[in-house]
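A short write-up of the structure that comes next.
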Amino acid sequence: MIDIGVNLTNTRFDKDRIDVIARAKQVNISAMLVTGTNVEESKQAVSLCQQYPDYLYSTAGVHPHDADRVDKNYLEILDKLAQNDCVKAIGECGLDFNRNFSTPENQQRVFSEQVILAKQLKLPLFLHQRDAFEPWFNILKPHIDDIPALVSHCFTGNENELQQCLEAGFFIGITGWVCDERRGQALRDIVSLIPLEQLLIETDAPYLTPRTIRPKPKSSRNEPSYLPHVVNMLSELIGCSKEELIQQTTINSEKVFNLRIKDA
Ligand SMILES: [Zn+2]
């Protein structure tokens, strides 16, 4: 199985990053996509990937939370970073009007610029969206056919939003949000609408620890080796076998991100 969203450069992994990666291998994770959330983290993601060729891949981009803090030349740097073989998508980028850590104006500008960059570089988009579906979708709409693949990472939207994404051919990333009996119910109710061919799985570690892990882990930190818990819940909700879910999401990930996977 492939974890398409791991924030492995997060400081919460500083003490034991090597062990975290080793544990991921132990549960048969065959590849991971390290999320770049700003210029600095995207650079760090590339260096980390270079230490694990054909196992770690990354995205290069600026998260909407960081849109207020980009330098003038950030696009050039992202462009340059994307020339590395390990960079498989532009992102994480998008809009987040839930917390507005950056102004909506800056978020929309920085997002639009990265959409154009993905189009120029012919790279997929790794997308974030929270409480901003309409403006987010409107920015993407004119470019959908010119971008190799669009991934709505950590999807938590409603049924109408899901249908619009599916009809536009987006891939839908599902995290441990679906393992949360409190706030994940609405998502649980609609995940079976996602065709297996458009489904991707991710932990979004160190965030969103699956609440279905027993015994409960001592640390609140999520890690990629917990991905099987997302698989368990999803296969139950969708009504397919775990094997089928793993096989299809692996094929999807390899196709979307153009990965070369070593046999484990
Ligand atoms: Zn995100």
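The values are calculated or read from the model by the stated rules, or taken from the named source; none is laboratory data. As the structure is a prediction and not an experimental result, all values here were calculated from the model. Heads up, the Cβs are rebuilt from the backbone with ideal geometry, glycines too, and the neighbour counts pull from every protein chain shown.
Summary of computed values
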item: Residues satisfying the stated conditions in the stretch 19-41, i.e. within 16 Å of the ligand (Cβ to nearest atom) and β-branched (Val, Ile, Thr); result: Val34, Thr35, Thr37
item: Sole residue being outside any helix (DSSP H, G or I) and either under 16 Å from the mean Cα position of the chain (by Cα) or within 15 Å of the ligand (Cβ to nearest atom) (or both), chosen from Gly157, Gly169; result: Gly157
item: Failed item, numbered, when Val46 is tested on (1) part of a helix (DSSP H, G or I); (2) free of Cβ contacts under 8 Å to residues at least 40 places away in the same chain; (3) touching a Cys at 6+ places or on another chain (Cβ under 9 Å); result: (2)
item: Sole residue being under 26 Å from Leu140 (Cα atoms) and away from the ligand (no atom under 16 Å from the Cβ), chosen from Val178, Val256, Val231; result: Val256
item: Pair list, Cβ under 6 Å, 6 or more apart: the stretch 89-100 residue at positive phi and of a type outside the set (Lys, Arg), other residue more than 12 Å from the ligand (Cβ to nearest atom) and part of a strand (DSSP E or B); result: Gly91/Leu125
item: The stretch 206-257, residues that are farther than 21 Å from Pro195 by Cβ and either touching a strand residue (DSSP E or B) at 6+ places or on another chain (Cβ under 6 Å) or assigned to a helix (DSSP H, G or I) (or both); result: Asn222, Glu223, Pro224, Ser225, Tyr226, Pro228, His229
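Residue-wise test of (1) of a type in the set (S, T, N, Q); (2) modelled with pLDDT of 95 or more; (3) not in a helix (DSSP H, G or I).
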position: Asp79; (1), (2), (3): no, yes, no
position: Arg99; (1), (2), (3): no, no, yes
position: Gln107; (1), (2), (3): yes, yes, no
position: Leu117; (1), (2), (3): no, yes, no
position: Phe126; (1), (2), (3): no, yes, yes
